[in-house]
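Trainee: The structure under discussion is supplied below as structure tokens; questions concerning it will follow.
Laboratory data are not the source of any read-out in this text; all were calculated from the coordinates shown. A quick note: this is a predicted structure, and the numbers were derived from the prediction, not measured. With ideal geometry, Cβ positions are generated from the backbone for all residues, glycine too; neighbour counts draw on all protein chains shown.
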Amino acid sequence: MNAPVRLDLRDASTFPTRRVEDWKWSDLKRFLRDAPAVSAALAVAPGGPFAALGGREIAFGNGVTADGAAEARFEGAGTLRLRFVSEAQATGHQARATVVVPARAELLVLESYEGAGSAYASNVTLGFELGEGARLTRIVLLEEPDDAISVSAAEVKVAPHAHYTQTVLASGAKLQRHETRVNHPGHGASVRLDGLYVLSGSRHADLTTVVDHQGVEGVTSQLTKGVVADSARGVFQGRIVVDRGADKTDARMGHHALILSDKAEVDAKPELEIYADDVSCAHGNTVGALDENALFYACARGIPEHEARVMLTQAFLGEVTDRIEHDGAREAAQAWLVDRLEALL
Amino acid sequence: MSVSQETIETVAGLEKYKHGFVTDIEQEFAPKGLNADIVRFISEKKGEPEWMLEWRLAAFERWQAMEEPTWAKVEYTPVDYQDLHYYAAPRTKAKPKSLDEIDPEILATYEKLGIPLKEQMVLAGVEGAPKYAVDAVFDSVSVVTTFREELAKSGVIFMSMSEALREHGDLVRQYLGSVVPVSDNYFAALNSAVFSDGSFVYIPPGVRCPMELSTYFRINAENTGQFERTLIIADKGSYVSYLEGCTAPMRDENQLHAAVVELVALEDAEIKYSTVQNWWPGDPVTGKGGIYNFVTKRADCRGDRSKVSWTQVETGSAVTWKYPSCILKGEGSVGEFYSIAITNGRQQADTGTKMIHLGANTRSRIIAKGVSAGKSVSTYRGLVSAHPKAKGARNFTQCDSLLIGKDCAAHTVPYVEARNGSAQFEHEATTTRLSEDQLFYAMQRGLSQEEAVQLLVNGFVREVLQELPMEFAVEAQKLVAISLEGSVG
């Protein structure tokens, strides 16, 4: 397994190029040649896109918390709103957070990337640890300016019988990379990694996941969908690894994308790396235009074409948001999708 | 004969790698090592025109500046490029005029391999049995090409590359390196510098090649690399089906096979290229020996509505590293790739295809079946890409992997790059093991475990076997069975 790139904005030699296999469609070095100056600290008012869902809030403003730390740690249950707020001009900042869910506890993490300003570079490193039988639902919302560079990488350690569920909602940036690496112990643990990208202009979003099945009877289910318009570029890289002896693993991965313009691009690499024989693994990948037949049918029923397009696209992408179990989080995600699609179509 | 019956009979006659013998003939070698002088030596041996020598020397220079790639999921002892013979040929006094002048040992070799070199053998066969012309390549040189006269009647040129360089120099010059450029990759550059022989095929406009063409490659000599170069040109509206078979003796050291195959399909032309690759895979227990099969195969669908179909059955070689690809340039051109890769023992295979959609309404289809057993590793790696101009491009890909045993591995690494709004790409992949239920059912019907496995595997790969020409399909099916021997229990 390729070692993940340890990105450090202070050191340009850690910036991957497209020659690094895992970054071949997200050439960071191309957009960021040198280490940027460090952003000034930013005071963040409580709130954010998930404010209505309550819970505890940890907010970083340009990489630092209210008490000036570049690192935060949370251990507990309930709801955590983890906010990474950027407001800078051509500077860079990075933050680090660790979230621990004790055994049998249940936590909802609402993670938001709220960007203002322009041409900043943000790098977030996260660690999630789930105790035995713990449940963690993570909703990630990426809303950043179209000239920003944003990288977020998470390492997730799951214990037996724990459930980890994640949904990423990405609207892209100049380069936006969201990476999740999961250590999957099997033994009744389950992992779900979903993603959604809605991209316009010349935005780029890269959803990368790696799930490493290390024990028997692990379940993984992945569904990523996206739509790209104008000259935007969507990237999906998913890798499912089944280690030797990790028998009875059941892993499914799906990536489906719509391309709305002849200048837009979708790149996908759904990988399976299997070292055990008693497994059931599958992936599916489709890329294409909106189904003309469905569109024709809707129009024939008297629905105006524009409305029909919105409706069909929403139905296509809505499958991902529908999978969110938490009511409040699902509604917020659905509302975001509707807004984004209206702006796009 | 039904598939199952054939399988059972094959199983009954199971044997180890039956092509592992060595033919004892007088051979001529180039000294070991690689330098510009060796390149000159090869060129001179073949009596090549000056431009060809320059082309080779330029390639050699490029190769020296290149680094051996390492990105494939294969591990192998590095090749010592200075410890190889780059030219080995059966010693002949003059160009043989007929089969009788060829060393009977060589003929016997091909006979043992089951290749009907003698045209009369084919002609004397069952009435209506298909004829096929054979070009037999022994180490570095082509020893015989059959049926040439009959082919010439319809204007088809089928000869060894070295003859083609002499007789059809302009045609070769026009197309050689136009699909796989000299500097395409490390092994292609090496091949361009030192290739010794291979087949050359030209099908004139509107001609449907009257018989299957085939080449049999045989590595015999010790410490040699085989670097053959095949070039097939299907002119407007023509059709050709080409088969390729490969075997090698059992030896303890690894041998390098770095071929380049270039196909050019002009308007409305169709090329069907089938390979049954059965190089010596090395010792199944120690992994010692075996062929490194590092081959570059690419087709250029230049003309509108042209079509190229690759079918491969990969059962041999210690390490296989190849991606027969299609560049779909012509409008409405079609590329197909059907593959069976079976690995057992300590074999490693990293194989797949590239479908590069450049023209409008181009279509491609990929069916790849991988079977891993023993301690082997099998990887499907493929690329499907559509350029902004490839409006209406379509691809369907299916890759299935079957795992037999606890110690093998199977990987799927597909790359999809869609760059326009009207391309439709679909990809599915599955990895599973042999179904316990099916196995139980087959055994309950009286088959042994090994027979049952072979039956099920033959069923698993059937979609691809069906794409093979008849003669090869039968052989391939036997190979499937032999390759899996010892994989259960």
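Trainee: Gap in Å between the Cα centre of the range A:266-345 and the Cα centre of the range A:1-75?
Mentor: Taking the Cα centre of each part, the range A:1-75 and the range A:266-345 sit 28 Å apart.
Trainee: To the nearest 20 debye, what is the magnitude of the charge dipole of the range A:12-291 about its Cα centre, counting +1 on the Cβ of each Lys and Arg and -1 on the Cβ of each Asp and Glu? Could the numbers behind the result be given before it?
Mentor: On the way: 28 positive and 36 negative charges, 56 e Å.
The dipole of the range A:12-291 has a size of about 260 debye.
Trainee: Cα centroids of the range B:311-378 and the range B:405-467: how far apart, whole angstrom?
Mentor: When both Cα centres are located, 14 Å separates them.
Trainee: Okay, next question. For B:K322, go through the aspartates and glutamates and keep the ones whose alpha-carbon is under 17 Å away, minus same-chain ones fewer than eight residues off.
Mentor: B:E68, B:E75, B:D184, B:E228, B:E244, B:E262, B:D300, B:E314, B:E336, B:D350
Trainee: In what order do A:D277, A:D230 fall by count of nearby beta-carbon atoms within 10 Å, going from fewest to most?
Mentor: A:D230, A:D277
Trainee: Which ordering of B:Y86, B:Y202, B:Y415, A:Y297 is given by a fewest-first count of other beta-carbon atoms within 10 Å?
Mentor: Working: B:Y86 26, B:Y202 23, B:Y415 20, A:Y297 13.
Least crowded to most crowded, the residues run A:Y297, B:Y415, B:Y202, B:Y86.
Trainee: Is the range A:12-291 best put as rounded, prolate or oblate by its Cα gyration tensor, with a ≥ b ≥ c the root eigenvalues, rounded for a/c under 1.5, and otherwise prolate when a/b is larger than b/c, oblate when not?
Mentor: Details: a/c = 1.77, a/b = 1.16, b/c = 1.53.
In terms of gyration-tensor shape, oblate.
Trainee: On a straight-distance basis, which aspartates and glutamates could pair with B:K236 in a cross-link, Cα separation under 12 angstrom, same-chain partners fewer than 8 positions away excluded?
Mentor: Reachable aspartates and glutamates: B:E267, B:D268, B:E270, B:D304.
Trainee: Projected onto the charge dipole of the range A:1-101 (+1 at Lys/Arg Cβ, -1 at Asp/Glu Cβ, origin at the Cα centre), which of A:T65, A:A90, A:L32 gives the Cα projection farthest towards the positive end?
Mentor: Looking along the dipole axis, the top candidate is A:L32.
Trainee: Against the globular-protein guess of 2.2 N^0.38 Å, express the Cα radius of gyration of the protein assembly as shown as a ratio, rounded to two decimals. Can you show the working numbers first?
Mentor: Working: Rg = 29.3 Å, N = 834, 2.2 N^0.38 = 28.3 Å.
Computed over Cα atoms of the protein assembly as shown, the ratio equals 1.04.
Trainee: Now a separate question. Taking 28 Å as the cut-off for C-alpha to C-alpha distance, list the pairs among A:K263/B:K272; B:K307/B:K391; B:K329/B:K478; B:K45/B:K272; A:K248/B:K354 that go past it.
Mentor: On the way: A:K263/B:K272 34 Å; B:K307/B:K391 18 Å; B:K329/B:K478 37 Å; B:K45/B:K272 32 Å; A:K248/B:K354 32 Å.
Beyond 28 Å between Cα atoms: A:K263/B:K272; B:K329/B:K478; B:K45/B:K272; A:K248/B:K354.
Trainee: Using the count of nearby Cβ atoms within 10 Å as a rough guide to exposure, how do B:T230, B:T362 rank from fewest to most?
Mentor: Numbers: B:T230 24, B:T362 31.
Lowest to highest Cβ neighbour count: B:T230, B:T362.
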